[in-house]
1. Can you give the extra length, in nm with one decimal, that the chain gains between residue 353 and residue 329 once fully stretched, where that is 0.36 nm per residue apart less the Cα-Cα distance?
2. For region 330-359 and region 413-442, compute the distance between their C-alpha centroids and round to whole Å.
3. For each of 76, 161, 421, count neighbouring Cβ atoms within 10 Å of the residue's Cβ, then give the residues from fewest to most.
4. Could you please rank 249, 230, 275, placing first whichever residue has the fewest other Cβ atoms within 10 Å of its Cβ?
5. Want the number for residue 153 to residue 391: 0.36 nm per residue separation, take away the alpha-carbon distance, what's left?
6. Per 0.36 nm of contour for each residue apart, how much would the distance between residue 411 and residue 277 grow if the chain were fully extended, relative to their Cα-Cα spacing?
7. Any chance you could check the Cα centroid distance between region 172-207 and region 226-247 for me, in angstrom?
8. Taking the Cβ of each residue in 312, 328, 418 as the centre, tally the other Cβ atoms inside 10 Å and list the residues starting with the fewest.
């Protein structure tokens with residue numbers, strides 16, 4: 001999500017405003033497709049590599065694109081007092097799509113594309129974000145996930161930034177909150193809007209806004225939620241900011257100045273993993289790492305050491321702003337799209353048989369390049385990267401491995417895109433030989449999120465857009 005100075009969307013630096021300003025002059029949804037030159041071979045990676053190439057290890061070989069893709073309007077979200085910003089798209093094990101908006105609304109798109117007028121949930125009074133003029137564009141309702149047994153227990157989970165002064169959470173303004181809700185007993189299309197206070201499972205404090213030596217701390221929240229194949233809930237959390245100035249600025253300082261990325265005693269800059277079915281449990285670091293309640297720590301979490309020491313919730317670390325991540329529904333592999341800083345956007349990969357503990361390097365590393373002179377123990381380099389700013393690219397938006405039936409040639413490919421340009425790429429894991437191919441260019445889309453329906457078909461949402469689009473063959 002995005003900075004406070006300009007009405008743009010998530011996870012990029014305010015010093016990239018010139019990119020968005022130029023895009024704002026165009027149409028917000030001009031749909032086009034162009035098969036670009038994103039493919040690389042081992043021979044094509046060199047000092048002369050052009051800005052539109054996707055950077056990969058030198059042993060990379062080219063992939064052949066199975067299809068050209070475009071997007072087609074699937075549903076509109078209705079007229080509201082503001083232009084919606086779609087932050088997440090999820091299903092609940094049936095044909096409906098649930099659309100999370102930054103403002104705190106969750107709406108339902110019924111099978112066939114009709115949007116219900118009544119929201120499924122409205123927590124705008126809880127969310128620090130729109131219409132609060134002081135809120136940063138990276139704040140708001142961030143993520144949504146339905147319990148694997150939702151049909152039985154009715155539980156779903158949201159991540160958002162808090163707290164609005166009208167609904168303070170212990171009076172603190174810069175927090176990332178994980179909360180559980182339940183569908184109403186009387187209507188499957190309406191949630192119970194009044195959660196028990198105990199349903200605030202996790203409250204992660206961010207650096208103090210009073211620290212004037214650094215810039216805005218409202219950025220880099222992450223906030224994506226997914227249940228893994230193991231039934232545990234995974235949550236991405238950014239490094240908490242600030243977004244530093246351009247390296248050419250005389251007041252520049254490094255990103256993640258507190259080195260949250262390499263610190264195992266804080267929950268920021270991580271992928272967290274918890275057991276939400278143990279509602280009577282209190283995690284051992286409940287009052288330190290995430291002020292948690294009503295969940296347990298899986299016994300095989302890699303850094304679990306009881307009270308004190310490490311944050312037991314940590315599954316992976318060394319991430320700057322993992323805005324979107326997902327699991328391959330067929331293999332269980334995890335793909336993490338980590339928003340970069342000034343130079344590279346990256347895709348990180350974790351195989352399904354991983355025992356956790358991967359260190360993706362931030363802030364010692366950015367992409368394949370050293371960033372700060374520090375040691376990243378057990379560093380795992382990214383699967384691939386692409387450069388920031390070559391053709392206006394500014395911020396990666398992670399998607400899914402396609403497992404639907406309508407585009408069989410795309411089966412097994414992970415699809416992701418860039419927020420500012422709307423360019424999309426596909427890749428298939430091939431170890432060090434992994435590369436990517438540009439497959440679509442939905443120009444000026446402000447591509448904020450992807451979604452997957454029960455059948456594995458894929459959708460996209462955008463900033464400043466009240467339309468949800470479906471990805472289809474050209």
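Throughout, read-outs are computed from the coordinates displayed, never taken from laboratory work. The structure displayed is predicted, hence computed values, not measured ones. When we count neighbours, we look across all protein chains shown, and the Cβ atoms used for this are built from the backbone with ideal geometry, even at glycine.
1. 7.2 nm
2. 14
3. 76, 421, 161
4. Fewest-to-most Cβ neighbours within 10 Å comes out as 249, 230, 275.
5. 81.0 nm
6. 45.0 nm
7. Each part reduced to its Cα centre gives a spacing of 18 Å.
8. 328, 418, 312
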